[in-house]
1. Taking the highest mean first, how do the peptides 30-36, 80-86 order by number of other beta carbon atoms within 10 angstrom per residue?
2. At 0.36 nm per residue, and after removing the present C-alpha to C-alpha distance, how many nm does the segment from Thr248 to Thr81 gain when stretched out fully?
3. Using a Förster distance of 56 angstrom, determine the FRET efficiency expected from the C-beta separation of Lys39 and Asn138, and round it to 0.05.
4. Quick one: Karplus J couplings for segment 219-228, per residue in order, coefficients 6.51, -1.76, 1.60, θ = phi - 60°, nearest Hz, x for Gly and Pro?
5. Work out the charge dipole of segment 4-97 with +1 on the Cβ of Lys and Arg and -1 on the Cβ of Asp and Glu about the Cα centre, then indicate which of Gln31, Gly82, Ile7 is farthest towards its positive end.
6. How would you order 200-207, 21-28 from highest to lowest mean count of nearby Cβ atoms within 10 Å?
7. Return Glu143, Glu67 ranked ascending by Cβ neighbour count within 10 Å, so the fewest neighbours appear first.
8. Of Lys99/Lys154; Lys153/Lys201; Lys83/Lys153; Lys133/Lys160, which sit over 23 Å apart, Cα to Cα?
Amino acid sequence: MANNADILRYIDSIARDKGIDKEALIVAIEQAMAQALAKKYGVEDVEISLDRDSGEFQCNYDVSMEEQGRIFAMSVRQAITGKIREAERDVIFDEYEQKLGEIVSGTIQRFEGDTVIVNLGRNIEGILPRAEKVRSENYNVGERIRALIFEVKKVGPRVKVILSRTHRDLVRALFELEVPEIADGTITIRRIEREPGYRTKLAVDSTDDKVDCVGACVGVRGNRIKSIIDELNGERIDIIRWNSDPTTLIANALKPAEVGDITLDPAAKKALVIVNEDQQSLAIGRKGQNVRLASKLTGWDIDIMTRAELERSVQAEDEPAAAGAESSAAETSPAADAAAAGGPAAPATPAPADGEHGAGVPDAPGPDAATGSGASGDGAAAPPAEAN
């Protein structure tokens with residue numbers, strides 16, 4: 001066995017190379033040796049400690065470490081190797097857990113089915129699963145790739161770093177890298193909505209009235225936004241100005257389309273937006289992308305209509321009501337129907353008895369008796385019956 005000074009040097013070297021804590025490594029060695037001795041002698045109360053200054057091992061049993069033999073040394077080595085791997089795993093896990101939501105660069109190493117394996121350096125592999133890949137992107141072995149750290153988890157002795165190219169926070173992280181005003185907090189990204197590979201809408205706000213939040217994100221001659229679009233392989237990005245007024249926010253979110261009147265229904269969280277005919281397709285967007293992303297960004301269910309469509313919709317709603325009113329007006333009483341058909345008119349209501357008439361004898365019918373008591377709503381009298 002190496003002398004005491006060499007043991008301390010080995011421990012220092014391993015701790016530096018593996019990036020693990022020296023004290024944790026010493027504790028792991030003590031535990032490994034104690035377990036090996038306990039197994040060899042069939043006892044459970046073995047305690048071993050390493051002097052941090054001299055490198056000498058001390059045991060509560062009178063045993064010599066140099067006389068333990070090859071099997072003991074192999075058992076200790078195997079246990080220490082396992083502890084070192086666990087310590088390495090914990091170090092890597094803590095490092096990448098702190099980087100959640102950040103962008104990392106790596107080289108595409110291989111494919112495992114639909115999963116892309118990315119070499120992140122230091123023998124660390126990033127995993128880009130199918131669900132986190134952009135459909136319109138192609139990936140080739142050896143290419144450099146930038147992705148968002150989406151999730152970090154321990155799986156056995158290894159750490160899995162899950163990457164994403166579809167998450168909306170990838171766009172956020174790219175803007176933080178390209179726009180210093182976002183990184184220092186002068187400009188705030190309020191909301192992001194994204195359809196990966198096609199279009200993203202970004203609502204920004206500025207804490208400084210002198211800083212144009214939209215202009216700062218675009219950059220001089222569009223240099224800032226261009227680098228982000230290139231990184232996203234041509235994905236379209238709309239940068240809009242945030243506003244707490246929902247009407248203004250909806251109008252901004254539907255840009256580049258120009259909108260007219262906006263009617264809000266706060267109870268249903270719906271918005272009716274009127275646009276000119278030449279702006280309708282632009283407001284809706286390809287396959288409804290523009291209005292769909294605008295709805296998600298603002299939190300309002302947006303309906304796009306031209307003024308002509310609105311008038312036709314209102315007219316269509318009024319027609320059933322008018323038809324119902326005409327139907328009600330056309331309804332008549334049985335007496336009126338009989339009179340119109342030339343039949344006998346319904347008897348008049350008996351008049352009260354007086355001195356000249358007997359009880360229950362009706363007065364002579366008046367000239368309007370032919371119309372009956374249930375005349376139609378328009379006041380037109382039924383025609384008299386023709387003489388035979």
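Each value in this text was obtained by applying a stated rule to the coordinates, not by laboratory testing. Quick caveat: nothing in here was measured; it's all calculated off a predicted structure. All Cβ positions, even for glycine, are placed from backbone atoms using ideal geometry, and neighbour counts span all protein chains on display.
1. Numbers: 30-36: 18.7, 80-86: 15.6.
In descending order of packing, they fall as 30-36, 80-86.
2. Values: separation 167, 0.36 × 167 = 60.12 nm, distance 6.28 nm.
Result for the pair: 53.8 nm of gain on full extension.
3. On the way: r = 55 Å, r/R0 = 0.98.
FRET efficiency, Lys39 to Asn138: 0.55.
4. x, 5, 6, x, 5, 6, 5, 5, 5, 6
5. The listed residue farthest towards the positive side: Gly82.
6. Working: 200-207: 20.2, 21-28: 15.9.
Listed from highest to lowest mean packing, they are 200-207, 21-28.
7. Details: Glu143 12, Glu67 8.
Going from least to most buried by this count: Glu67, Glu143.
8. Details: Lys99/Lys154 15 Å; Lys153/Lys201 31 Å; Lys83/Lys153 18 Å; Lys133/Lys160 17 Å.
Check vs 23 Å cut-off fails for Lys153/Lys201.
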